[in-house]
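The values are calculated or read from the model by the stated rules, or taken from the named source; none is laboratory data. The structure displayed is predicted, hence computed values, not measured ones. Don't worry about glycine lacking a Cβ; one is built from the backbone with ideal geometry, like all the others, and counts go over all protein chains shown. Ligands, DNA and RNA are excluded from the accessible area calculation, which covers all protein heavy atoms including side chains. Shrake-Rupley method; radii C 1.70, N 1.55, O 1.52, S 1.80 Å.
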Amino acid sequence: AEKLIRKAMDCREKGQYEEGVNLCNEVLGMKFDGDLKYHAEAHMQLGVILVQQGLYNQAMESFQSAVKMSPQDPRMHYELAVFYKQHGDRTGNKSWYNKAIIEFERTRMIDPDFADVSSELATLYKRK
């Protein structure tokens, strides 16, 4: 599963989105005896790819699934927060910034030293 996720990341970076989506879906189809770590990671990577394809509703669902599957992983909250912030920028709807703030705060609660969270929050509080 780890190799497939890394390969999906490589595909994403090369713009090979369809292949990246297929690899993430392959991981999501695997069974891991109750450990959802790989499923969460695959959902996170899938979310990033879907954003790059302009499939925002599907991306949001994928990021939200990643958070549900791995609620103690600060990266999952951070990626969802970034998505919400960017969606607010894209749509001009500032209510997305409130959702982003909540997820950035959750990131910081789990890992107080998580990179960029403080600056992201400062930016969002100015935009509200």
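Count of the stretch 92-114 residues, restricted to those that are touching a helix residue (DSSP H, G or I) at 6+ places or on another chain (Cβ under 9 Å), in a loop (DSSP other than H, G, I, E, B) and open to solvent by 60 Å² or more (accessible area, probe 1.4 Å), is 2. Within the stretch 79-128, the set of residues being among the aliphatic types (A, V, I, L, M) and over 19 Å from MET69 (Cβ atoms) comprises ALA100, ILE101, ALA115, VAL117, LEU121, ALA122, LEU124. For beta carbons closer than 9 Å, sequence separation of 6+ or different chains, a first residue in the stretch 21-35 that is under 21 Å from ILE49 (Cβ atoms) and a second that is assigned to a helix (DSSP H, G or I) and among the β-branched types (Val, Ile, Thr), the qualifying pairs are VAL21/ILE49; LEU23/ILE5; CYS24/ILE5; CYS24/ILE49; VAL27/ILE5. Are any of the residues in the stretch 84-91 more than 28 Å from VAL27 (Cα to Cα), of a type in the set (Ser, Thr, Tyr) and either open to solvent by less than 30 Å² (accessible area, probe 1.4 Å) or free of Cβ contacts under 8 Å to residues at least 12 places away in the same chain (or both)? Yes, the stretch 84-91 contains at least one residue that is more than 28 Å from VAL27 (Cα to Cα), of a type in the set (Ser, Thr, Tyr) and either open to solvent by less than 30 Å² (accessible area, probe 1.4 Å) or free of Cβ contacts under 8 Å to residues at least 12 places away in the same chain (or both). Here LEU80 meets the list (1) modelled with pLDDT of 95 or more; (2) open to solvent by 20 Å² or more (accessible area, probe 1.4 Å) almost entirely, failing just condition (2).
Listed by first and then second residue, the pairs with beta-carbon distance under 6 Å, at least 6 apart or on different chains, first residue in the stretch 104-128 and within 11 Å of ARG75 (Cα to Cα), second of a type in the set (Gly, Ala, Ser), are PHE104/ALA81. The numbered conditions (1) touching a residue at least 40 places away in the same chain (Cβ under 8 Å); (2) surrounded by fewer than 20 Cβ atoms within 10 Å (Cβ to Cβ) are all true for ILE49 except (2).
Per the conditions (1) within 14 Å of the chain's Cα centre (by Cα); (2) closer than 23 Å to PHE114 by Cα; (3) open to solvent by less than 30 Å² (accessible area, probe 1.4 Å), the sole criterion not satisfied by SER65 is (3).
When the helices (runs of 4 or more DSSP H) confined to the stretch 1-70 are screened for residues that are over 18 Å from VAL82 (Cα atoms), those reaching at least 3 such residues are found at 2-14, 17-28, 37-52.
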